[in-house]
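Every read-out reported here was derived from the displayed coordinates using simple, explicitly stated rules and does not represent laboratory data. As the structure is a prediction and not an experimental result, all values here were calculated from the model. For neighbour counting, all protein chains shown are included, and Cβ atoms are generated from backbone atoms with ideal geometry for every residue, glycine included.
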Amino acid sequence: MDLGLQGKVAVIMGGTSGVGLKTAEMFLQEGAKVAICGRNESRMQQAYEELLKIGSSESIFASTCDVINKEDVNEFINSTAKKFGGIDILVNAAGQSVMGYFFDVTDEQWEQQIQLKYFAIIYAIRGAYPHLKNRGGGRIININATLSKEPERHMVATAATRAGLMNLSKTLSQELAPDNILVNSVSLGVIRTDQWERRRLKNAPELSAEEYYEDLAKKRNIPLGRVGEPEEVSAAILFLASKQASYISGTTIETAGALGKAL
Ligand SMILES: NC(=O)c1ccc[n+]([C@@H]2O[C@H](COP(=O)([O-])OP(=O)(O)OC[C@H]3O[C@@H](n4cnc5c(N)ncnc54)[C@H](OP(=O)(O)O)[C@@H]3O)[C@@H](O)[C@H]2O)c1
């Protein structure tokens with residue numbers, strides 16, 4: 001199926017690993033141009049090398065950028081628009097979660113989650129908006145988590161801020177509709193990315209990856225009986241960016257293997 005992404009420009013905030021990197025690969029495979037960023041220089045270089053296997057220096061832009069730094073974000077977005085002549089799609093995928101119950105989470109951790117789940121998104125959307133508008137419309141896809149609707153006590157700061165981001169996405173879908181900018185979310189359950197690999201190596205280095213993820217799926221009672229893969233999330237992101245999704249805005253696609261009971 002032709003997704004109509006040939007020649008489109010997709011900016012992926014946090015595209016040097018996990019879901020963001022896989023999404024960049026899949027956009028390139030569809031003939032789009034991609035910009036990725038992250039804080040870590042060597043991870044960024046490694047991701048760039050990976051993407052060069054699919055695209056070229058003409059279709060890829062990679063730069064370091066901290067998404068909670070307004071100047072960084074504006075520079076990254078404006079440099080992308082300059083290199084490719086505009087922007088059509090913004091994917092907000094940067095981030096990490098904080099584990100901890102209410103009385104364990106520090107002010108600094110709350111602050112970090114608020115910065116990542118609100119200000120990073122606010123800066124990126126403010127920065128991308130004039131470019132999307134110039135193209136006569138575009139797509140914004142915010143990565144979220146099932147936690148936004150079904151909080152888990154051991155991830156209180158992430159769950160609470162995720163809920164706010166869900167609310168913000170809905171408001172923006174209405175505010176930006178007159179500009180033909182469609183705003184949607186993809187809500188993740190447990191997806192096998194570097195985020196989980198770091199936890200595996202820290203908490204259960206004795207288990208093989210297969211054993212660890214099988215165990216995790218059981219512990220989390222994931223109805224499909226397994227954790228998800230990044231490409232299963234990226235497929236939903238590409239669909240929301242596609243010409244086929246032209247009348248979809250203000251909604252969320254869950255990629256969570258039927259995890260959770262919230263309607
Ligand atoms: N995997 C899951 O099960 C799961 C579940 C629910 C939600 N999510 C969310 O999905 C998104 C993608 O996560 P992932 O699992 O793909 O994780 P990942 O493999 O750790 O990738 C995270 C990406 O975000 C970048 N990043 C993090 N903080 C950043 C910052 N301040 N500025 C710029 N870039 C930043 C990282 O690069 P640097 O570290 O180099 O900056 C990396 O490119 C995150 O928002 C995560 O919270 C994931």
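Dividing the alpha-carbon radius of gyration of the chain by 2.2 N^0.38 Å (N being the number of residues), what value is obtained?
0.97
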Calculate one ³J(HN,Hα) per residue across region 257-263 by plugging θ = phi - 60° into the Karplus curve 6.51 cos²θ - 1.76 cosθ + 1.60, and present them in order as whole Hz with x for glycine and proline. x, 6, 5, x, 10, 5, 8
Would you mind checking which residues have amide H under 5 Å from V186's amide H? H placed 1.01 Å from N; only 5 or more apart, or other chain. N142, I143, N144, I253
Residues whose built amide H sits under 5 Å from the amide H of A35, excluding neighbours closer than 5 in sequence, are A10, V11, I12, F61
At a 10 Å Cβ-Cβ cut-off, how would you order L165, L90, L132, L263, fewest neighbours first? L263, L165, L132, L90
Computed over region 152-263, the ratio Rg/Rh where both radii use C-alpha atoms and Rh is Kirkwood: 1.03
Beta carbons within 10 angstrom, averaged per residue: use that to sort the peptides 136-147, 220-231, highest first. 136-147, 220-231
Length released on extending from R153 to E231, taking residue separation times 0.36 nm less the Cα-Cα span: 25.2 nm
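Taking region 164-263, which chymotrypsin sites (Phe, Trp or Tyr not before Pro) meet the DSSP loop condition and have no more than 13 other C-beta atoms within 10 Å?
Here the chymotrypsin sites (Phe, Trp or Tyr not before Pro) that fit, given the DSSP loop and packing criteria, are Y247.
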Please report Y101, Y123 as a ranked list, fewest other C-beta atoms within 10 angstrom at the top and most at the bottom. Y101, Y123
Note on the chain: contact order normalised by length, alpha-carbon pairs under 8 Å, 6 or more apart, percent, works out to 20 percent
Between S56 and N134, how many nm apart are label points set 7 Å from Cα along the C-beta direction? 2.4 nm
From DSSP H assignment alone, runs of 4+ in the chain each adding -39500 (n - 2.57), the sum over residues rounded to the nearest 500 puts [θ] at 222 nm at -14000 deg cm²/dmol
Dividing the alpha-carbon radius of gyration of region 1-149 by 2.2 N^0.38 Å (N being the number of residues), what value is obtained? 1.05
